[in-house]
Structures are given as structure tokens and as C-alpha cells.
1. Filter the DSSP H helices in the chain by two things, a Kyte-Doolittle mean of at least -0.5 and an axial alpha-carbon span of 15 angstrom or more, and list the hits by number.
2. Just to confirm my numbers, what's the Cα centroid distance between segment 53-78 and segment 208-222 in Å?
3. On average, how much area does the Cα convex hull of the chain cover when viewed from any direction, in nm²?
4. Which percent of Cα-Cα pairs in segment 208-384 sits in each 10 Å bin, short to long?
5. Run lengths n ≥ 4 of DSSP H only: what is the helix-derived mean residue ellipticity at 222 nm for the chain, with -39500 (n - 2.57) per run over all residues, to the nearest 500?
6. Mind ranking 13-22, 34-43, 99-108, 299-308 by how tightly packed they are, going by the mean number of other C-beta atoms within 10 angstrom, highest first?
7. Which FRET efficiency, nearest 0.05, do D46 and D294 yield, Cβ-Cβ r, R0 35 Å?
8. Working from the pairwise distances between different alpha carbons, so that the mean of 1/r is found and then inverted, what is segment 3-201's Kirkwood radius in Å?
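Since every read-out is calculated from the coordinates, none of them should be taken as a lab result. As the structure is a prediction and not an experimental result, all values here were calculated from the model. Because the Cβ atoms are built from the backbone with ideal geometry, glycine has one as well, and the counts that use them run over all protein chains shown.
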Amino acid sequence: MVLELSAPVSTRRVGAAVAAAGVSSFALLYAPQPVLPQLATAFQLDPGGASLAIGVATTALALAVLPLAALSERVDRRQIIVCSVIASAVLGLLLPLAPSFPVLLVMRALQGVAIAGFPGVAAAYLADQVGTARLPSAVGAMIAGNSVGGMLGRLGAGFAAGPLGWHGALLVVAGVSLVCAVFAAATLPPSQRTPHPGDGGERTRLGARLLAPYTVAVLGMGAFIALYNAAGFRLAAPPIGLAPAAASLVFLSYAMGTVSSAAAGRLVRRLGQSAALVTSLAATAAGAALTVSDALPLMALGFAVLTAGFFAAHAIANAWVAAEAPPRARGRASGLYTLCYYLGSGAGGTVGSAVYGRFGWGWLIVLTVGWLLVGVAAVLTAARRPIS
């Protein structure tokens, strides 16, 4: 059986540790993105080939997350998180030593597998540690760390690439990530759950109500990535015509996601879980609609609003899964959420980019707002379904 202790640990301590792990993991995952042109030059690649440095890692993460989540039902979840953040940071330090691009891709695939241990297990670990009442706030802190990591990885590597080249840029990000990983390993509280070797072998129904947060993971992330994938092209094209460096500042909007995800727990306490998630998705759609204008201030406002809305929705949906899944199935349920999230990223980003290239920004907004409204419908349907 699984032992659930009745005295949850400090939300502040566990939140800080998991946020540090999120900064480390997502800074490493996205660090190569701003140095893709330099990788293309160094290894004589076209842009599509260079982009494999991102795609290989995210694909490996998606493939590894369910096996690692299943493993977390049998072993200590804290051990998986600690091994994940330390191993991925060490691999990050070794990346600049890659003698060829194929070797670099193999190392990125291994790094993606290592990183998967954190997002696939963290929400279930938090549910074990702090209890379901305080879970939205704890997951919000984790998502805030993830957004900070994604932003710092991109911006840090981008700014360091000029004076240090791609080798130095990746090394700087890996060094910062290792510091965060060591902090997380040192402060992550001992597990409040005793795993049993038989936990992972039992089939436990996850419940129809979890279809709603899974739908939000696929469609919400798909819409978010589709908009950001096309943003650089839109901002650089007439009539806006920003330089690439200036266009990349759109990623500063991630700071709004840091704030909103950290506040997601308060929103849930005030409105309730379903209403808070619908409100967040509606804010994401409203922000997307604002970007239809060619006026740069309105576009900037739109990206800030949609980013804040999306990260709040992600925090609430992630906590929903961890809270409602049976204790024996928390690892599997959270892993499935992460898989849906990254499937949405890959499929939504690809489809959205194709729609933008063929039909323009206006039709991309129609598509992504439609996806978000489907997510709203799924949440409202789940809210009317009795808890089984």
C-alpha cells in the first residue's frame, strides 16, 4: 500500500525546491534555440537540420515521460527528480564538447530523457508532499520556475552567444542550471510517500473528469506554441519590420507567465477550480485576439495577456490531474498530462506554423482561439459531471 502522511511539509520549502528544479530543467531544454544559426554555421546545416537540436530533446522527453512516471509508482519520486536535474545539468556541461552534430544530437536525446524525470513526476510528488488543498499554489510555483527557466535559457544563451559563441553560451546556461539543480537536490524535502513494488502494476481508472485537463494540455499548449512559433516571422515582416534581435524580445512576455502561474492557487481559491481554468483560457484567447492589430503596443499587450492566461491555465490543469488522480495512479496520471502537453506542442506548433505561412496571422488567431474554446467546453462539461 501507499503511505500518505497526514502532516504535509512546508509549501514554501517544497515550492522553492521544485521551482529551482524547473528553472534548471527548462533552461537546459531550450538553451540551444537562440544559437541555432551558429550551430548551422558550425556544422554546415540548413535551418531545418539545426532545429533538430531542439526537436530531438523534446521528442525524447515526450517518449520517456510515461515510463518514468510509471517508475515513480514503484520508487521514491524525490530520487527521480534529483537524478533528473543533476544528470541533465551534467549533460549540459558536456554538450559544448560534442565533436560533431550527430554526437550533439545523441547527447541532446539523452538530456531530454533525463529532463523528463522532472515534469513527468513533479506534480505527483507535490500532491504527496503538500496535500490537495495546497496543491494549486505548489504547482503554480513549479510552473513559475518552468517559465523562468524557459525564458532565461533562451535569453541567457542569446546574449552570451555574441561574445562567447555557441560553446560558451551553452556552457553558461548549464553552469547556472547546475547551481539550481544542486539547490533543488539539497532542499527538496524527503518523500511523504512510501512506494510499494506493486504500485505500478495495478490498473487504476483515472476517471472521465481528467479528460478536461488533458484536453487543455493538448490544445492550450498547441495554441501557445503555434503563436510563439509564428511570432518572430510576424514581427520581422512588414508592416512591423523589427530586427531579429528586437523581435526576440517577445520572449520577455514569459515573465507574465511566471507571475500568473504563481498566482494560480489564489485564483482557484477565489473562483473554484473549473471557473479559474475557464477564466485563464478566456484570457489566453483574449490576448491572442489583441495581436491581430499591427500596432506594436497592442501586440505586446496581447502577448503579455495570452502568456499570463496560458501559464495560469497550465498550472491549474496540472494541479487538477495530480489532485484528482487516485494516489496509486498519480505518477501515471501526471506523466500522461506531460505527454499530452508535449504532443500539443509538437502538433500544434507544426499545424499553426503551416496555417500562418499559407493564410496569415488572422487565420492563425481563428484557429488557436477555436482550440482554446474547445478546451473551455471540455472544462465546462467536466464541471457538470459528478465526481466518481
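1. Numbers: long enough: 11-30 (28 Å, 1.02); 52-71 (28 Å, 2.24); 77-94 (26 Å, 1.62); 101-116 (22 Å, 1.79); 135-187 (42 Å, 1.34); 211-236 (38 Å, 1.31); 273-290 (26 Å, 1.28); 296-324 (42 Å, 1.46); 330-359 (42 Å, 0.16); 361-384 (35 Å, 1.75).
Length and hydropathy pass: 11-30, 52-71, 77-94, 101-116, 135-187, 211-236, 273-290, 296-324, 330-359, 361-384.
2. The distance from the Cα centre of segment 53-78 to that of segment 208-222 comes to 19 Å.
3. Working: hull surface 70.8 nm².
Quarter of the Cα hull surface area: 17.7 nm².
4. Distribution as computed: 11, 39, 34, 13, 3, 0 percent.
5. Numbers: 16 runs with 296 residues, N = 388.
That calculation yields -26000 deg cm²/dmol at 222 nm.
6. Numbers: 13-22: 24.5, 34-43: 17.9, 99-108: 15.6, 299-308: 22.3.
Most protected by this proxy first, the peptides run 13-22, 299-308, 34-43, 99-108.
7. On the way: r = 31 Å, r/R0 = 0.87.
Efficiency for this residue pair is about 0.70.
8. Values: mean 1/r = 0.0589 Å⁻¹.
It is 17.0 Å.
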